[in-house]
Amino acid sequence: MPKVLDTYQRWEADGVLDERLKSIQDMVAKRIIQKEIAKAINLSENTLIKLKRAHPRLNQAFINGDEELKSKLMDALFQRAVGMEYEELQTIIEETSSGTKKRLVKYKKRALPDFNAIKYLLIIKFGRDFNERKEEIDIMLKRIEKGEETWINEYSDEETLGVVRIRQQPKK
């Protein structure tokens, strides 16, 4: 009895695998959710998840789509940060004695740089030097280096660190 091929293997056998992977990557890059992608390629979402686990190239198509989306968003953010020129098209309809005339008018406009986009990109690219709370962060780091302060999170073993709990948290 011949081995039953899964959907990915059938795509490979039919020679449409690269086309399907590119299509999936494009859908992910356009922010289409996994459930809708599964519907678009005639699979259930659970089947798609299983295929992603079993076939690294399929999973990589999702990762590449996310990276493409991130790149587009960062480009848009950069354009917003530095300002940009764009064209606006306006249709003017005029009534004349011989009838109505349509006229297209193009306006070139310039969007000014966006301060928040600039600030965000500076913090992301160059770190805390551009963070508005730089001084506070520097003070906290000095305290940690001197051993004056110990930071813990909810998963730390507080008893071994010698931390006295002021209020007992309720058990869930």
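Read-outs: derived from the displayed coordinates by stated rules, not from any lab. Bear in mind the structure is a predicted one, so any value in this text is a computation, not a measurement. Positions of Cβ are backbone-derived with ideal geometry, glycine not excepted, and every protein chain shown enters the neighbour counts.
At-a-glance table
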| read-out | value |
| --- | --- |
| Test: residue in region 94-112 that is outside any helix (DSSP H, G or I), in contact (Cβ under 8 Å) with a residue 12 or more places away in the chain and among the hydroxyl-bearing types (Ser, Thr, Tyr) | yes |
| Lone qualifier among ASP26, ASP14, ASP6, ASP114 - being within 30 Å of ASN131 (Cα to Cα) and of a type in the set (D, E, K, R) | ASP114 |
